[in-house]
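Chemist: I'd like to ask some things about the structure below.
Each value in this text was obtained by applying a stated rule to the coordinates, not by laboratory testing. The shown structure was predicted, so the numbers you read here are calculated from the model rather than taken from an experiment. All Cβ positions, glycine included, derive from the backbone under ideal geometry; neighbour counts span all protein chains shown.
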């Protein structure tokens, strides 16, 4: 299980990271809100733990940006601000739970277990994700790195099929059958044309490419 820890006090980072790793968690860390936000956009985490008072971007605004980007990863706030109004404001910004400093490490572990268990019950087939790209089936929306991407109906269907079959080489004939509902015609380049349309929208303006060509075999959606 992978956790993102956003905290500006290095002693606190070392203490929490060491304890989590001893409990078999994988931990990425960031010391300011901007760096933490960028990691959250680029990677998938089981839970995000963030302080409220952070350089560059505070924890509450960070939560709001992640939720606006449709990133639904559970967020646990750690802070010395423990007044009721502080807690309410943190939860209203999009956090799922709030733990006041100082705290017992076993309580932190209990909160993590509770949040991840709750998240696993909420997982459904309506949101598909790879790297920093999120496709929401109900909203018919696609967001990558916080940027909304407009797709045609057929491009959306093509991306959805890629996401449901990521890390697997998909032959052109399979894409033709499942996305266009027709048998593959070797005399047309319809699949190639739409894959290129999709690439221009979800890959061109971003650092890492997600759609890769396997020459002679088909295409694969995967992180580089």
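Chemist: Work out the FRET efficiency for residue 181 and residue 2 from their Cβ-Cβ distance, taking R0 = 30 Å, and round it to the nearest 0.05.
Modeler: After rounding to 0.05, the efficiency reads 0.20.
Chemist: Follow-up question, since we're still on this one. What are the semi-axes of the equivalent ellipsoid for the stretch 2-122, taken as the square roots of 5 times the Cα gyration tensor eigenvalues, largest first, in whole Å?
Modeler: Semi-axes (√(5λ), whole Å): 18, 16, 16.
Chemist: Same structure again: Between residue 224 and residue 42, with labels modelled 7 Å along Cα→Cβ, what's the label distance in nm to one decimal, could you check?
Modeler: 1.1 nm
Chemist: Assuming R0 = 45 Å, what is the FRET efficiency of residue 104 and residue 168, from their Cβ-Cβ distance, to the nearest 0.05?
Modeler: Using R0 = 45 Å, I get an efficiency of 0.55.
Chemist: Follow-up. Per DSSP helix of 4 or more residues, -39500 (n - 2.57); summed, then divided by the residues of the chain. What does that give at 222 nm, rounded to the nearest 500?
Modeler: For the chain, the value works out to -13000 deg cm²/dmol.
Chemist: Along each principal axis of its Cα atoms, how long is the chain end to end? Whole angstroms, biggest number first, please.
Modeler: That gives 68, 33, 31 Å along the principal axes, largest extent first.
Chemist: At residue 197 and residue 137, where each label point lies 7 Å from the Cα along Cα→Cβ, what is the point-to-point distance in nanometres?
Modeler: Between residue 197 and residue 137, the simple spin-label model gives 2.2 nm.
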